[in-house]
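The values are calculated or read from the model by the stated rules, or taken from the named source; none is laboratory data. Here the structure is a predicted model, which means the values were calculated and not measured. So basically every Cβ, Gly included, is an ideal-geometry build from the backbone, and we count neighbours across all protein chains shown. Just the protein is used for accessible areas: all its heavy atoms, side chains included, with ligands, DNA and RNA removed. Shrake-Rupley method; radii C 1.70, N 1.55, O 1.52, S 1.80 Å.
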Amino acid sequence: MKKIIITGLLLVFTNLIFAQKFEKKIIAEKANEEVYFDTIKVEDPYRFLENVEDKDVQAWVRKQNRVSQKYLNACKRKADLVTKLDFYQSYGYKEDLSVKDVYPKIRKFAHSSTSEGSLYYALKKGQDYRLLVNPLNIGGRGKKRIVSYYFNKDRSKLAYTISRNGTDWREVRVFDFEKERRLQDKIKDVRYSSILWRGNGFYYKKFDRAEKFDKASSPKIYYHRIGTSQEEDILMFERKNNPSIQLDFQVTDDERYLIISEFDEKLDMKSYYFYDFNETKPRIRPLVRNTKSTIKIVGENPNNKKWIASVKNKDSKSILVEIDPKNTKTWREIVPAYDNSNMTDVNIVDDGIFVVFKEKLKSVVTFYNYDGELLYTDVLPIASNLSKFVKSEEDGKYYYTIQSYTVPSVFFELNIKTFEKKLNQKTHIAFDSKNIKYKEVYVPSRDGKEIPAIMVYDEEFISKDKPNPLLIDTYGGFGLVVDAKFDPKVVHFIKSGGIYVFAHIRGSGGFGESWKNDGKNLKKQNAINDLIDVSEYLIKENHTSPDKLAIKGGSHGGFIVAAAGIQRPDLFKVVVPMNAPLDILRKEKFSVGSFHLDEYGTVTKRDEFENMYKISPYHNIKEGVNYPTMLLITSDNDDRVPPFHSYKFVAKLLRNEKQTNPILLKVAKKAGHHGATSYKAAEKERAEHFSFIMSELGMIEK
């Protein structure tokens, strides 16, 4: 009898310990109501959490971080995932590339696992690399990081961009290799911009500064001449008082043309302009105005200096055309659209044009001459991610790499004279890959479509007779093509008995314009439904079960998984939205939300508002429902998706009395939309997220 009592007490005590791992830190609601279209009342009891500088808000966030870190630390200790990821990350190859050396060369190297990368340079072959810039030596406040760098045409100068505390705001500095020193040029308020050189200067996009997370203004394109102050920079293009305008620009390889693209989110229209700097008095000229088509100059024909452009109409596929810049009404089609494939990448080289198509879940490499004659076709294995083509010193030979979720970069070479393809060097990995399988799945949707998905698993470790732990990853927005990349987390997950799935739901790129458009704005629910339908299919086929199923996504993908978790809480064990917009009604009022009206909709149009209200995760949390275990990940300086989206969502879930499954909020400090920046911090984040998922799915002992 005593033995039974003791056992019972131990069980109760164990349950108490497990319960204590998740502590609810509730913050009280504050009545708030907003009226739309004079009649529709929308409650927003946690709007006050949008004030991220408020001391009470900050105190609550600190409490949430402590709770989540305690919980995550317990998962991480059991999983020992950092060590295991290091093992799976270990791979090597000795490349045998006959490529012309171009100097100066740049390398980015971190002094330690906790530091940001510094830039080093070598002026000639055999020279030791010298320090160009260490982020620790950059003046001013904040945690600095070198984000990108750009050589001018003769490689005598280098412009590099700096981020502080993870934000999207950039500063530009310039290094002179002939003088071997940094110049005095300093450019600020740069955002979402490349740095493109022409002559003794460069172009960039500048935004007006505002308060943290305030709605972004429309950008302006400037030209900076080396040796002058930013105040002297030349304004090349702007649209005043229209925050829904997005601008981008290109400079042709010969630096003769500046090409400007303009996109009006509200009107869903695009216009394209260009400058010809060979003119005595260069002035802006229209290329195409007020079109639904997306046009991108991808290079020029070396034989006649005409532009090669990809043209994608709103409801059709991409084609390649040649445009005469002297007579911009003269277009010649080079590469047509094909019924069974979609163009995803174009690489212009001296000898012709490499075009990559997607046929369902396979990539197809093709090569055309400038007359539009198809000379070569190679169908790659499913989920293959192809790099750009690099020209060899040997005539007609090009190098490229292929990688996938469990395959690091493998080097190939292609001779376009003979079209002989061969492996350049083997890539050596530390794990056994012989039983790893990739499977194409086309899931029937509720409205008669086929949803493409890739399943990755190791036959040695999964069960065919009972449900397996399964993780679905997705994005499904903005027509973005999400390529497979080598990921040691995926390797570890499948080696631990899990199945990894990437679902290309509607809204994704690479499957045609109709697939993209069927998942945006008023049709956004299709994307959410697709994820739900994929999940139900995998359960029906006994690959998994609701208590072994996790979904995760970042940014737009985070919105999708959060919406699916709220709409179908019975279907998932774990939901991980990362840096996700979750209050869709308020999204356009902050930061760059007004740039995404075509994707999510706008509250100023009644039909779009009503749709946004239905799909907004924050607004559809219901009392009396115990939602799946969730880990909400955000960053305090995310100025694309402000962190209060996650704050409000978590606060409302925690307020729900029936919510007993853990709801965790993890806020990265001094970080932006992509989270931690140093190697060690990023590694820690990756280990935490996967340890949490695997622990909740029962793959490791809690």
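Looking across the range 101-121 at every residue that is exposed (fewer than 14 other Cβ atoms within 10 Å of the Cβ) and more than 24 Å from the chain's Cα centre (by Cα), the one that is nearest to L183 (Cα to Cα) is identified as Y103. Scanning the range 551-585 for residues that are assigned to a helix (DSSP H, G or I) and open to solvent by 10 Å² or more (accessible area, probe 1.4 Å) yields I566, Q567. If you go through the range 506-528 one residue at a time, do you hit one that is among the β-branched types (V, I, T) and either closer than 16 Å to S404 by Cβ or assigned to a helix (DSSP H, G or I) (or both)? Looking for residues that are among the β-branched types (V, I, T) and either closer than 16 Å to S404 by Cβ or assigned to a helix (DSSP H, G or I) (or both), one finds at least one in the range 506-528, hence yes. Selection of the range 638-675 for residues being of a type in the set (K, R) and touching a Leu at 6+ places or on another chain (Cβ under 7 Å) yields K648, K666.
Per-residue answers, yes or no, for (1) within 28 Å of the chain's Cα centre (by Cα); (2) among the acidic types (D, E); (3) modelled with pLDDT of 95 or more:
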site: Q230; (1), (2), (3): no, no, yes
site: L235; (1), (2), (3): no, no, yes
site: I308; (1), (2), (3): yes, no, yes
site: K314; (1), (2), (3): yes, no, no
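Would you check if K314 is part of a loop (DSSP other than H, G, I, E, B), charged (D, E, K, R) and open to solvent by 40 Å² or more (accessible area, probe 1.4 Å)? So K314 fits the description; yes. For the range 421-465, filtering for residues that are assigned to a strand (DSSP E or B) and either open to solvent by less than 30 Å² (accessible area, probe 1.4 Å) or not aliphatic (A, V, I, L, M) (or both) leaves 23. Taking the range 529-547 on its own, how many of its residues are under 26 Å from the mean Cα position of the chain (by Cα) and outside any helix (DSSP H, G or I)? Count: 0.
Scanning the range 598-612 for residues that are more than 30 Å from L538 (Cα to Cα) and touching a helix residue (DSSP H, G or I) at 6+ places or on another chain (Cβ under 6 Å) returns G601, T602, V603. Residues in the range 330-343 that are buried (at least 19 other Cβ atoms within 10 Å of the Cβ) and part of a strand (DSSP E or B): I334, V335, N342, M343. One residue stands out among those in the range 288-308 that are part of a loop (DSSP other than H, G, I, E, B) and within 19 Å of D248 (Cβ to Cβ): the one that is least open to solvent (accessible area, probe 1.4 Å), which is S293.
Taking (1) closer than 24 Å to K70 by Cα; (2) open to solvent by less than 20 Å² (accessible area, probe 1.4 Å); (3) not hydrophobic (A, V, I, L, M, F, W, C) in turn, R686 satisfies each apart from (2).
A quick yes/no check of all residues on (1) part of a loop (DSSP other than H, G, I, E, B); (2) surrounded by 14 or more Cβ atoms within 10 Å (Cβ to Cβ):
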residue: I260; (1), (2): no, yes
residue: K266; (1), (2): yes, yes
residue: E279; (1), (2): yes, no
residue: P286; (1), (2): no, no
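When you look at N468, is it open to solvent by less than 70 Å² (accessible area, probe 1.4 Å), on the phi < 0 side of the Ramachandran plot and outside any strand (DSSP E or B), yes or no? For N468, the condition - open to solvent by less than 70 Å² (accessible area, probe 1.4 Å), on the phi < 0 side of the Ramachandran plot and outside any strand (DSSP E or B) - is met. Take the residues of the range 203-222 that are touching a residue at least 60 places away in the same chain (Cβ under 8 Å) and open to solvent by 10 Å² or more (accessible area, probe 1.4 Å): which is nearest to D324 (Cα to Cα)? Once the filter is applied, the top-ranked residue is K215. Evaluating D473 against the criteria (1) among the charged types (D, E, K, R); (2) surrounded by 15 or more Cβ atoms within 10 Å (Cβ to Cβ); (3) in a loop (DSSP other than H, G, I, E, B) leaves one unmet condition, (3). Scanning the range 268-296 for residues that are within 28 Å of the chain's Cα centre (by Cα) and either more than 15 Å from L247 (Cβ to Cβ) or of a type in the set (D, E) (or both) yields D268, T291, K292, S293. Count of the range 223-247 residues, restricted to those that are assigned to a strand (DSSP E or B) and free of Cβ contacts under 8 Å to residues at least 24 places away in the same chain, is 3. Look at the range 171-216 and say how many of its residues are outside any strand (DSSP E or B), more than 24 Å from the chain's Cα centre (by Cα) and at pLDDT 95 or above. Total meeting the criteria: 6.
For the residues S98, S68, the requirement of being polar (S, T, N, Q), farther than 30 Å from M699 by Cβ and either in contact with a His (Cβ under 9 Å, 6 or more places away or on another chain) or open to solvent by less than 50 Å² (accessible area, probe 1.4 Å) (or both) singles out S98. Taking the range 353-413 and the strands (runs of 3 or more DSSP E) fully enclosed by it, the elements with 2 or more residues that are open to solvent by 30 Å² or more (accessible area, probe 1.4 Å) and out of contact with any Phe, Trp or Tyr (no Cβ under 7 Å at 6 or more places or on another chain) are at 374-382.
For the range 122-160, the set of residues classified as open to solvent by less than 10 Å² (accessible area, probe 1.4 Å) and farther than 19 Å from S635 by Cβ consists of A122, L158, A159, Y160, listed by residue number. Beta carbons closer than 6 Å, at least 6 apart along the sequence or on distinct chains, never pair a first residue in the range 451-480 that is under 16 Å from K548 (Cβ atoms) and β-branched (V, I, T) with a second that is at pLDDT 95 or above and open to solvent by 20 Å² or more (accessible area, probe 1.4 Å). Would you mind stating whether S218 is of a type in the set (G, A, S) and closer than 21 Å to V172 by Cα? Here the answer is yes, as S218 does meet what is asked.
I245 meets the conditions (1) aliphatic (A, V, I, L, M); (2) farther than 27 Å from N637 by Cβ; (3) buried (at least 18 other Cβ atoms within 10 Å of the Cβ) in every case but one. The failed one is (2).
When K329, K362, K292 are checked against the criterion of being out of contact with any Lys or Arg (no Cβ under 8 Å at 6 or more places or on another chain) and within 22 Å of F274 (Cα to Cα), K329 stands alone in meeting it.
Residues that are open to solvent by 50 Å² or more (accessible area, probe 1.4 Å) and touching an Asp or Glu at 6+ places or on another chain (Cβ under 8 Å) were ranked within the range 223-242; the one that is nearest to F644 (Cα to Cα) is R239. Looking across the range 518-534, the residues that are among the polar types (S, T, N, Q) and open to solvent by 30 Å² or more (accessible area, probe 1.4 Å) come down to Q525, N526.
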